[in-house]
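No value in this document is a laboratory result; all are computed from the given coordinates. This structure is a prediction, so every number in the text was calculated from the model and none was measured. Heads up, the Cβs are rebuilt from the backbone with ideal geometry, glycines too, and the neighbour counts pull from every protein chain shown.
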């Protein structure tokens with residue numbers, strides 16, 4: 001399992017009863033997590049010292065309860081990167097800490113490439129992977145269908161002090177954008193994608209992972225350079241095995257470019273119990289395994 005071990009401003013403290021207890025900077029939050037089906041002792045210890053609690057509603061969604069008002073502009077650091085975070089209406093904080101293990105992996109590949117590297121980040125959210133790739137020296141095209149997410153990513157880039165010339169921020173439906181890039185004969189050395197289970201583009205375009213994922217990766221293959229560096233496919237859909245990502249990458253990339261495809265679960269380790277919380281799947285393809 002792929003587990004980051006170098007966070008200082010984030011900590012998974014404990015898990016259980018369908019929830020996770022986390023430290024984001026100096027604040028402790030409780031959020032739902034359907035994977036944590038084991039019991040937890042919530043009547044004592046760190047579980048009682050929360051600052052924010054997201055209560056899931058039986059009708060769907062939920063709402064936050066705060067013991068004290070959190071700052072309007074919360075920030076956390078990961079090495080030289082800085083991220084704005086905030087509790088959103090959908091329980092998210094604007095960052096997925098488990099992805100740090102992927103950031104470290106592809107950053108090393110970019111630094112060791114010995115050539116300019118163009119990266120395409122699809123379903124790019126608030127730009128965690130975008131910033132990490134740019135920090136390593138890549139030029140990054142960041143694509144997300146939500147204008148608000150792209151504005152958030154731009155803010156993170158500014159907070160991190162990264163050169164504006166390292167980025168293109170595009171608000172568009174991912175499939176339409178990649179089709180246009182193919183027609184333009186645009187090429188990228190590496191592609192990162194974090195596709196959702198379901199989604200809608202800015203003009204109502206429908207996305208369903210099981211139906212559209214293979215065709216998207218196939219389309220992306222056609223906008224890679226003749227000597228691509230890596231491909232990262234993250235999957236958060238519950239029930240999909242890591243082998244799914246590995247098979248797709250082997251069929252579409254290894255057969256054409258050789259190299260190596262492999263996959264594993266992503267996870268976070270709770271500091272109080274030592275239990276590991278599953279956090280999705282990472283499928284990796286690399287031309288020259290390190």
Helix 209-221: angle to the longest alpha-carbon principal axis of the chain, degrees 0 to 90, nearest 10?
-> 40
Of the beta bridges DSSP finds with both residues in the range 10-79, what % are antiparallel, to the nearest 5?
-> 90
Rounded Å value of the spacing that divides the Cα centres of the range 1-34 and the range 191-215 = 27
Of the peptides 179-189, 248-258, how do they stack up when ordered by the mean number of other Cβ atoms within 10 Å, highest first?
-> 248-258, 179-189
For the range 47-196, what is Rg from Cα atoms divided by 2.2 N^0.38 Å, rounded to two decimals?
-> 1.16
Any chance you could check the Cα centroid distance between the range 105-152 and the range 243-290 for me, in angstrom?
-> 18
Rounded to the nearest 10, the angle in degrees between the Cα long axis of helix 174-184 and the longest principal axis of the Cα atoms of the chain comes to 20
Most fluctuating of 115, 84, 221 in the GNM of the chain (C-alpha, under 10 Å) is 115
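At 0.36 nm per residue, and after removing the present C-alpha to C-alpha distance, how many nm does the segment from residue 237 to residue 272 gain when stretched out fully?
Here the answer is 9.9 nm.
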Between the Cα axis of helix 147-159 and the main Cα principal axis of the chain, the angle (0 to 90°, nearest 10) is 90
Hull-based mean projected area of the chain, where the convex hull spans the alpha carbons, in square nanometres = 15.2
Dmax and Rg, reported as Rg then Dmax, of the range 145-250 (C-alpha, Å) = 14.8, 40
q = 0.15, 0.18, 0.26, 0.27 Å⁻¹: log10 I(q)/I(0) that the Debye formula gives for the range 22-78, counting C-alpha atoms only = -0.54, -0.76, -1.24, -1.26
